[in-house]
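Participant: Sharing a structure here in structure tokens format.
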Amino acid sequence: MNGAVILETLERVAGKCGDPTPLVYDRLFTQHPDVKAFFVLDTDDGVKGHMLQEALENLIDYSGEGQTAGHFIRAELVNHDNLGIPPDVFRTFFPVLRDTFKEVLGDEWTAEMETAWRGLLADLDGMIAEEAAGMANAGA
Ligand code: HEM
């Protein structure tokens, strides 16, 4: 996975559309209408914005030093499962980010970006699947 290309994607998206929060959650709620209800008390979009910011910071960490993302994402996987958001839904957030950014960048989305994001998503998915399997065993 080419971390520099991931960072470049995030910078370009910020330059092009500013705050991508509405686009990300529009896409999430189109793909998973069932999770919208979880955000019913978030009337000022503060939780949505903060969650996105944390997810992006994890991607930045993972693409660079990779010191905290693994721990953070594993902890959030458990927190979200306790909220009623299972790992299979949790894991969809990162592909939603990639798809949103690809749409924002349009023609500026490069083959390099496609490869870098595919690698990043595969890594994260592997980590989440491993942790989810551990959670299932612990609950069994
Ligand atoms: C489709 C997947 C996801 C859904 C449906 C979801 C849903 C939610 C909901 C409903 C809350 C509010 C919880 C509350 O009211 O206490 C929340 C908070 C949060 N989520 Fe997610 N989440 C998802 C994926 C993720 C991912 C991938 C991350 C990052 C690794 C993440 C990080 C956070 C954080 C840090 C908060 C706390 C935000 C705050 O309270 O300001 N979430 N999430």
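The values are calculated or read from the model by the stated rules, or taken from the named source; none is laboratory data. Keep in mind that this is a model prediction, so the values were computed, not measured. Glycine also receives a Cβ, built like all others from the backbone with ideal geometry; neighbour counts cover every protein chain displayed. These accessible areas exclude ligands, DNA and RNA; they are computed on the full protein's heavy atoms, side chains included. Shrake-Rupley method; radii C 1.70, N 1.55, O 1.52, S 1.80 Å.
Participant: Taking the stated definitions as given, is Gly66 more than 9 Å from the ligand (Cβ to nearest atom), among the small types (Gly, Ala, Ser) and part of a loop (DSSP other than H, G, I, E, B)?
Facilitator: In short, yes.
Participant: With the structure loaded, tell me whether Leu59 is at pLDDT below 95 and over 17 Å from Arg12 (Cα atoms) or whether it fails that test.
Facilitator: no
Participant: Would you confirm whether any residue within segment 102-113 is without any contact (Cβ under 8 Å) to a residue 12 or more places away in the chain and within 13 Å of the chain's Cα centre (by Cα)?
Facilitator: No: segment 102-113 contains no residue that is without any contact (Cβ under 8 Å) to a residue 12 or more places away in the chain and within 13 Å of the chain's Cα centre (by Cα).
Participant: What are the residues in segment 69-95 that are open to solvent by 50 Å² or more (accessible area, probe 1.4 Å), assigned to a loop (DSSP other than H, G, I, E, B) and near the ligand (Cβ under 8 Å from one of its atoms), if any?
Facilitator: Arg91
Participant: Give the residue that is surrounded by the fewest Cβ atoms within 10 Å (Cβ to Cβ), with candidates limited to residues of segment 96-140 that are more than 14 Å from Tyr62 (Cβ to Cβ) and basic (Lys, Arg).
Facilitator: Ranking the qualifying residues of segment 96-140, first place goes to Arg118.
Participant: Moving on. Looking only at residues that are within 17 Å of the chain's Cα centre (by Cα) and of a type in the set (S, T, N, Q) in segment 8-44, which one is least open to solvent (accessible area, probe 1.4 Å)?
Facilitator: Thr9
Participant: Find the residue count for segment 40-63, including only residues that are in a helix (DSSP H, G or I) and in contact (Cβ under 8 Å) with a residue 24 or more places away in the chain.
Facilitator: Counting residues in segment 40-63 that are in a helix (DSSP H, G or I) and in contact (Cβ under 8 Å) with a residue 24 or more places away in the chain gives 9.
Participant: Taking the condition of being farther than 17 Å from Glu54 by Cα and in contact with a Lys or Arg (Cβ under 9 Å, 6 or more places away or on another chain), how many residues in segment 10-32 meet it?
Facilitator: Residues flagged as farther than 17 Å from Glu54 by Cα and in contact with a Lys or Arg (Cβ under 9 Å, 6 or more places away or on another chain) within segment 10-32 amount to 1.
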